[in-house]
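The values are calculated or read from the model by the stated rules, or taken from the named source; none is laboratory data. Model, not experiment: these values are computed from the prediction. Glycine gets a Cβ as well: all are built from the backbone with ideal geometry, and neighbour counts include every protein chain shown. Note: areas computed on protein heavy atoms with side chains; ligands, DNA, RNA excluded. Shrake-Rupley method; radii C 1.70, N 1.55, O 1.52, S 1.80 Å.
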Amino acid sequence: FFFQPLARIITLAFNTSAFTSANFQLILSTVSFTFYQAILSTILTFILGIPSAILFSRFNFYGKSLLRALTAVPFMLPTVVVASSFNALFGDHGIFSFLFPLSSDLTTSKTFYFLLILLAHIFYNTTIVIRIVGNALSRLDPKLEAAARSLGADSFHVWKDITLPLLRPSLFAAALLVFMFDFTSFGVILLLGGSNFSTLEVEIYLRVLKLPNLPLAALLSIIQLIFTLIFSILYTRTINQVT
């Protein structure tokens, strides 16, 4: 049930019909866009996630436990629910569509839905940064920062020379995990962007069901498998340093 389908995929992937110049151009553009949207989504997630992690780990305020619990809710929601909700709010006929009037220009419309995809990824994955980086911040010995300040370091140098080096494994682990989820994103991109935005997973889906080309779909699957395996190994090694 595992090895037979995998062997079949590998067999299809090395079919000579898959190795054409047109297919290689498609693979290159698909891989490039997959990396591009994953990297951009990860950066934007960190821009929101790092301040939130600092807030939850360093400050006490009323309702902190409830708010922290609520940050985990998006991660547990089904992809269809999240994508449909973003469409219902900001899509062509959404509740707030009047705030973002889309012209008939396809480029403008495509840019808008790309931004919507990035926003959905941020909504999903910010909790990962809050949990991993926030927990690491909570475990740091405050005496280290106090010692640095007593030796004349200001807040910037305490963060740069003390806190950041100690957080580096946690930051890298969170970045890898967020990047993996964005890299393998399927439902959000398919439901919000459709075939206009072809990541590896969306392209595999299209080449199996919409534009049947099984050798190409199998070749894309092998590429996806290799990248996912590399990222998983890196994440496992990094998270061991964190723990």
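For region 176-193, what are the residues that are in a helix (DSSP H, G or I) and open to solvent by less than 20 Å² (accessible area, probe 1.4 Å)? Reasoning before the result, please.
As a first pass, look at region 176-193 and keep what is in a helix (DSSP H, G or I): 176-183, 187-193.
Correct list: Leu176, Val178, Asp182, Phe183, Gly187, Val188, Ile189, Leu192, Gly193.
So Tyr235 ticks every box in (1) open to solvent by less than 20 Å² (accessible area, probe 1.4 Å); (2) hydroxyl-bearing (Ser, Thr, Tyr); (3) within 29 Å of Leu144 (Cα to Cα) but one. Which box is left unticked?
(1)
Pick out the one residue from Ile9, Ile43 that is assigned to a helix (DSSP H, G or I) and under 22 Å from the mean Cα position of the chain (by Cα).
Ile43
What number of residues within region 194-206 satisfy the criterion of being farther than 15 Å from Ile230 by Cβ and assigned to a helix (DSSP H, G or I)?
Residues in region 194-206 being farther than 15 Å from Ile230 by Cβ and assigned to a helix (DSSP H, G or I): 9 in total.
Going by what's in this entry, would Leu137 be described as at pLDDT below 90 and either closer than 21 Å to Thr42 by Cα or touching a Lys or Arg at 6+ places or on another chain (Cβ under 8 Å) (or both)? Working first, answer last.
Working: at pLDDT below 90: yes; either closer than 21 Å to Thr42 by Cα or touching a Lys or Arg at 6+ places or on another chain (Cβ under 8 Å) (or both): yes.
Yes: the conditions hold for Leu137.
Might you check whether a residue that is surrounded by 16 or more Cβ atoms within 10 Å (Cβ to Cβ), touching a Ser or Thr at 6+ places or on another chain (Cβ under 8 Å) and in a helix (DSSP H, G or I) occurs anywhere in region 152-170?
Yes.
Can you tell me which residue in region 25-39 is surrounded by the most Cβ atoms within 10 Å (Cβ to Cβ), limited to those that are closer than 12 Å to Ser185 by Cβ and not aromatic (Phe, Trp, Tyr)?
The qualifying residue surrounded by the most Cβ atoms within 10 Å (Cβ to Cβ) is Thr34.
Just give me the residues in region 58-88 being free of Cβ contacts under 8 Å to residues at least 60 places away in the same chain and either touching a strand residue (DSSP E or B) at 6+ places or on another chain (Cβ under 7 Å) or among the aliphatic types (A, V, I, L, M) (or both), in sequence order.
Leu66, Leu67, Ala69, Leu70, Ala72, Val73, Met76, Leu77, Val81, Ala88
Limited to region 194-232, what total is found for residues that are free of Cβ contacts under 8 Å to residues at least 12 places away in the same chain and open to solvent by 50 Å² or more (accessible area, probe 1.4 Å)?
So the answer is 8.
Here's the yes/no breakdown for (1) of a type in the set (D, E, K, R); (2) at pLDDT 85 or above:
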site	(1), (2)
Gly152	no, yes
Leu177	no, yes
Phe197	no, no
Glu203	yes, yes
Leu234	no, yes
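Determine, yes or no, whether Thr34 is closer than 30 Å to Leu115 by Cβ, assigned to a helix (DSSP H, G or I) and either modelled with pLDDT of 85 or more or more than 16 Å from the chain's Cα centre (by Cα) (or both).
Numbers: closer than 30 Å to Leu115 by Cβ: yes; assigned to a helix (DSSP H, G or I): yes; either modelled with pLDDT of 85 or more or more than 16 Å from the chain's Cα centre (by Cα) (or both): yes.
The answer is yes for Thr34.
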